[in-house]
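In what follows, a single structure is set out as C-alpha cells and then discussed.
The values are calculated or read from the model by the stated rules, or taken from the named source; none is laboratory data. All figures in this text were calculated on a predicted structure; none of them were measured in a lab. When we count neighbours, we look across all protein chains shown, and the Cβ atoms used for this are built from the backbone with ideal geometry, even at glycine.
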Amino acid sequence: MTRLTRDSRIAICLIVIALVALWESRDLNLMSAVFPRTAGGILLILSLVYLVKSLVKPEFGRVLDAIDRRRVMQMCVGLILYVFLIWFIGFLAASLIFLAYFVWYLQGAEQPSRRRMLRAGAASLVISGGFYLLFKMVFVVPLPVGYLFGG
Amino acid sequence: MLETLPVILDALANPVHILFMVLGVMGGIVVGALPGLTATMALALLLPFTFSMNAESALITLGGLYIGGIYGGCISAILINTPGTPSSIATTFDGYPLTRQGKPDQALVTAAISSGIGGLLGGFALLYLTPLLAEWALRFGPPEYFWISMLGLTMIASLSAGSMLKGLIGGAFGLLLSTIGIAPIGGETRYTFGSSAMLAGLELIVVLIAFFCIPEVISMVEKQVEAGGAAHFKPQKGVIRFIFNRLIRKPVLLARSAIIGIITGIIPGAGGNVASLLSYDSAVRFSRNRSSFGKGNIDGVAASECANNAEVGGSLVPLLSLGIPGAPPAAVILGALMMQGIQPGPDLFTGHSDLVYTFLWAFIVANVVMLILGLVGSRFVGRIINLPPYILAPAIAFLTVIGSYAIRNSLFDVAVMIGLGILAYFTKKFGFSPGPVVLGLILGPIAEKGLAQSILLGQAQGNIWMMFFSRPVSLVLIALCLLSLFTPLVSARFQRKIRQDSDSVDK
C-alpha cells in the first residue's frame, strides 16, 4: 500500500471538518442551519475534489524541509506559553519575560553574552513598558493582572 | 449652500477648529496604526472629550479622527503585514511585499496620496450627491446584500495564489468560520461546543491578525535572522514626485476605486474592508500586468487605500440624509450628533444647514491634512523596518497579542489568534493563501443575513426564487457576478490563443 501524500492527508482533515460542521447543524432550525449547511456542503465537495486530485496526481514536495524546524517550534511553543503566562502572571510580567527571552535567543550565540542580555533586557523593558503605559493609561484598556495576583 | 458660505469660511478659518482637526487626524492615524485599535474605537474613545465642545468643534474633530483612523490602518498593513483596521486588509497584499523589497516609503506615499484622493472624492460625493445616493441605497434589500456578497466571493479567483481549488477551499472554510456563534436570523448557537466565549463568534480583526501577521512573525524567525536577510530601508529622494507622477497617470484606477468605495460606503453594513477588497479585485482584473499583483505593485496599494478612504465619505451619506449609519464609525458620529441635540435625517439639511455644510467642508479639508501628514510621516515611519529582526519579530508578536486582546478585553481572543496564526503559518506553507479564508469570513455574515432574510421574505410572498432573481438591482448584481466569474476564463483563453498564434508565426 502506498503512503498518503501530504495533500491527501490535508484533504481528509478538511473532509472531517466539513462532516463535523454538517453533523453539528442537524438539530438547528432552518434559518440557523441554512448557511452553515451550504458552506459545509461546499467545503465537503471541494475537499472531495481535492482528495481525488491528490490521489490521481500525487505531488511529493517537502515544503517543511527548507525551514529551521527548531526555531519554528520554539516560536510556536513560545507564543502558546506567552498566552498561558498572561493568564497566570499578568500581561506586563508575561510580556517582559517573552520579549526578553526571544530578543536574547534570536540574537544568536555568536554575540557576546553580556551584550545579548543587555539588549534583551532593554528592548523588553522599553517595548512592554511603553505599550503597557499607552494602552493602560491613554486608551484605558484593562490589561490582565494574572491569576496569581487575583485576576 | 451659497447662503451658508460665510459661516463655513468663518468656522474653517477658526484656529481652534484647525487645531482640533489636525489633532483629530493625528490621533486617528496613531490609533489606526495600532493593530486592534480600530477607527470606531478611536471615535468612541474620543467621544467623551467632545461633550464640552460646541457642535462644530466636536464634529470637525470626530470627522478628522475618522479619516485619520482609516488611513492609519495602512501603516501597520504596509510595515508589518497586519491591517491596523479591517479597512486596510487589501493594502497588505502589495504594501507588505514592497516593504520586504526595502521600499516601504513608496507604499506609504502611494497610500497617502491615494487615500487623500479617495477621501476628497468621497467628501465631494457626500457634499453634492447625498440626497440622490441615499434614495438609491434604500433599494438595497436582503437579496441585494446576498448578491453583493456573492460578487465579493468571486474575488477568490484574484486572491488565490497558485491553486484555484485551494483558494475555493479557503473561501468555504472562511464562510464556515463566519457561522460560529449565534445565528443572526435563526438565533441558535452554532459550533460553540459549549463555550460561552464563542457565542459572539470570531472577531474579524483577531482573525486578520492571525492570518496575516503570525505567519510573518514565524517566517522572520524561521530564517536566519542574524544573517541580515531582512529588507533595509534607506529613504530615497524624490519618492513623492515619483509616486505622484505614476498615480496621476492612472486616473481610471483612482476614479474606479473611489466610486467602488463611495457606493460600498453608502450601502449600510458593507464597510471599508469590503470596499478595499472589491477595489483591489477590480484593479487586478483590469490590469495588463496581473501577475505583478501580490508582489509589490503600487496599483494594488492605491486601489485599496483610495477605496477605503472614499468609503468614509460614502458611509456618512445615509447617516446625514436618512439617519442610518453606513458603517460602525458612522454610528459613533450619529451618537455625537444626537448628543449635540441634532437628529440626522431628511430635515438635517434644512434645519441645521450651517452646521452640516461646515462639517462637510471640514471633512474635505481634513483629507488634505491627512494627505500632508501622511506624506511627511512616510519618511520617518518607514524606518521601523530598520529595527534588527531579533527585536522586530518579538515586538510584532507582542503587538499582535496586545492588539487582539484590546478589541474585546478577552484572553480567549488572544488564544484564538495564536492558534489560528500557527495554523495559518502551516497552511500557507501547504499552498493555502490566507486571502480567501479572510474574504469568506468578512462576507459570510452579509451573505448569511441576506440569504436567510430573502428566504423568509420569499416564503411570505410564496416564491423564494422570484425574491432572488426578479428584482432589478439583484439582476444587475447577478450580471456583475457572472461577468466577474467568466472574464478571467475568457481572457485566459484569449491570451492562450494569442500566445499560440504568435508561437505559430515565430515558427
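Structure notes:
- Scope the range B:327-354; condition surrounded by 21 or more Cβ atoms within 10 Å (Cβ to Cβ) and not in a loop (DSSP other than H, G, I, E, B); matching residues: B:PRO329, B:ALA330, B:VAL332, B:ILE333, B:ALA336, B:LEU337
- Test: residue in the range B:51-72 that is within 14 Å of chain A (Cβ to nearest Cβ) and modelled with pLDDT under 80: no
Rundown of residues vs (1) modelled with pLDDT of 90 or more; (2) in a helix (DSSP H, G or I); (3) of a type outside the set (Lys, Arg), yes/no style:
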{"residue": "B:GLU3", "(1), (2), (3)": "no, yes, yes"}
{"residue": "B:PRO6", "(1), (2), (3)": "no, yes, yes"}
{"residue": "B:ASP10", "(1), (2), (3)": "no, yes, yes"}
{"residue": "B:VAL16", "(1), (2), (3)": "no, yes, yes"}
{"residue": "B:LEU19", "(1), (2), (3)": "yes, yes, yes"}
{"residue": "B:ILE29", "(1), (2), (3)": "no, yes, yes"}
{"residue": "B:GLY32", "(1), (2), (3)": "no, yes, yes"}
{"residue": "B:PRO35", "(1), (2), (3)": "no, no, yes"}
{"residue": "B:THR40", "(1), (2), (3)": "no, yes, yes"}
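- Contact annotation: residue pairs with Cβ atoms under 6 Å, 6 or more positions apart or on different chains, pairing a residue in the range B:452-480 that is at pLDDT 85 or above with a partner that is outside any helix (DSSP H, G or I) and surrounded by 14 or more Cβ atoms within 10 Å (Cβ to Cβ), are B:ALA452/B:ILE185.
- Residue, farthest from the other protein chains (Cβ to nearest Cβ), within the range B:171-188, restricted to residues that are touching a Gly at 6+ places or on another chain (Cβ under 9 Å) and either of a type in the set (S, T, N, Q) or surrounded by fewer than 24 Cβ atoms within 10 Å (Cβ to Cβ) (or both): B:GLY181
- Among the residues of the range A:104-114, the one identified as within 16 Å of B:PRO389 (Cα to Cα) and more than 9 Å from every other protein chain (Cβ to nearest Cβ) is A:ALA109.
- Unmet requirement for A:SER32, which otherwise passes all of (1) outside any helix (DSSP H, G or I); (2) in contact with an Asp or Glu (Cβ under 7 Å, 6 or more places away or on another chain): (1)
- Only one of the numbered conditions (1) over 23 Å from the mean Cα position of the chain (by Cα); (2) closer than 23 Å to B:ILE209 by Cα; (3) not aliphatic (A, V, I, L, M) is not met by B:PHE468, and that is (2).
- Selection from the range B:224-256 of residues that are surrounded by 15 or more Cβ atoms within 10 Å (Cβ to Cβ), modelled with pLDDT under 80 and of a type outside the set (A, V, I, L, M, F, W, C): B:GLU226
- The set of residues in the range B:82-92 that are modelled with pLDDT of 85 or more and either part of a loop (DSSP other than H, G, I, E, B) or in contact with a Leu (Cβ under 6 Å, 6 or more places away or on another chain) (or both) comprises B:ILE89, B:ALA90.
- Any chance A:ILE17 is within 9 Å of chain B (Cβ to nearest Cβ), in a helix (DSSP H, G or I) and modelled with pLDDT of 95 or more: yes
- The lone exception for A:GLY129 - which of (1) farther than 22 Å from A:PRO144 by Cα; (2) more than 10 Å from every other protein chain (Cβ to nearest Cβ); (3) out of contact with any Phe, Trp or Tyr (no Cβ under 7 Å at 6 or more places or on another chain) it fails: (1)
- Of the residues making up the range B:141-153, one or more are in contact (Cβ under 8 Å) with a residue 40 or more places away in the chain, charged (D, E, K, R), buried (at least 19 other Cβ atoms within 10 Å of the Cβ) and away from every other protein chain (no Cβ under 11 Å).
- Filtering the range B:396-417 to residues that are aliphatic (A, V, I, L, M), at the interface with chain A (Cβ under 8 Å from one of its Cβ atoms) and either over 16 Å from A:PHE84 (Cβ atoms) or surrounded by 23 or more Cβ atoms within 10 Å (Cβ to Cβ) (or both) leaves B:ALA397, B:LEU399, B:VAL401, B:ILE402, B:ALA406, B:VAL414.
- Residue among B:ILE407, B:ILE391, B:ILE402 that is free of Cβ contacts under 8 Å to residues at least 12 places away in the same chain and under 27 Å from A:GLY129 (Cα atoms): B:ILE391
- Residue list for the range A:86-131, restricted to those being closer than 26 Å to B:ALA42 by Cβ and at pLDDT below 90: A:PHE131
- Among the residues of this structure, B:GLY450 does not count as one that is of a type outside the set (Ser, Thr, Tyr), surrounded by fewer than 22 Cβ atoms within 10 Å (Cβ to Cβ) and within 14 Å of chain A (Cβ to nearest Cβ).
- Residues in the range B:259-291 that are in a loop (DSSP other than H, G, I, E, B) and either of a type in the set (Lys, Arg) or at pLDDT below 85 (or both): B:ILE267, B:PRO268, B:GLY269, B:ALA270, B:ARG288, B:ASN289.
Conditions (1) within 7 Å of chain B (Cβ to nearest Cβ); (2) of a type outside the set (A, V, I, L, M, F, W, C); (3) over 20 Å from A:LEU125 (Cα atoms), marked per residue:
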{"site": "A:ARG26", "(1), (2), (3)": "no, yes, yes"}
{"site": "A:ILE45", "(1), (2), (3)": "no, no, yes"}
{"site": "A:LYS57", "(1), (2), (3)": "no, yes, yes"}
{"site": "A:VAL72", "(1), (2), (3)": "yes, no, yes"}
{"site": "A:VAL77", "(1), (2), (3)": "no, no, yes"}
{"site": "A:VAL83", "(1), (2), (3)": "yes, no, no"}
{"site": "A:ALA94", "(1), (2), (3)": "no, no, no"}
{"site": "A:TYR101", "(1), (2), (3)": "no, yes, no"}
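- Yes/no for B:LEU483 being part of a helix (DSSP H, G or I) and at pLDDT 85 or above: no
- Scoring B:THR130 on the criteria (1) more than 14 Å from chain A (Cβ to nearest Cβ); (2) at pLDDT 80 or above leaves a single failure, condition (2).
- With respect to the conditions (1) more than 25 Å from the chain's Cα centre (by Cα); (2) within 9 Å of chain A (Cβ to nearest Cβ), B:LEU387 falls short on a single one, namely (2).
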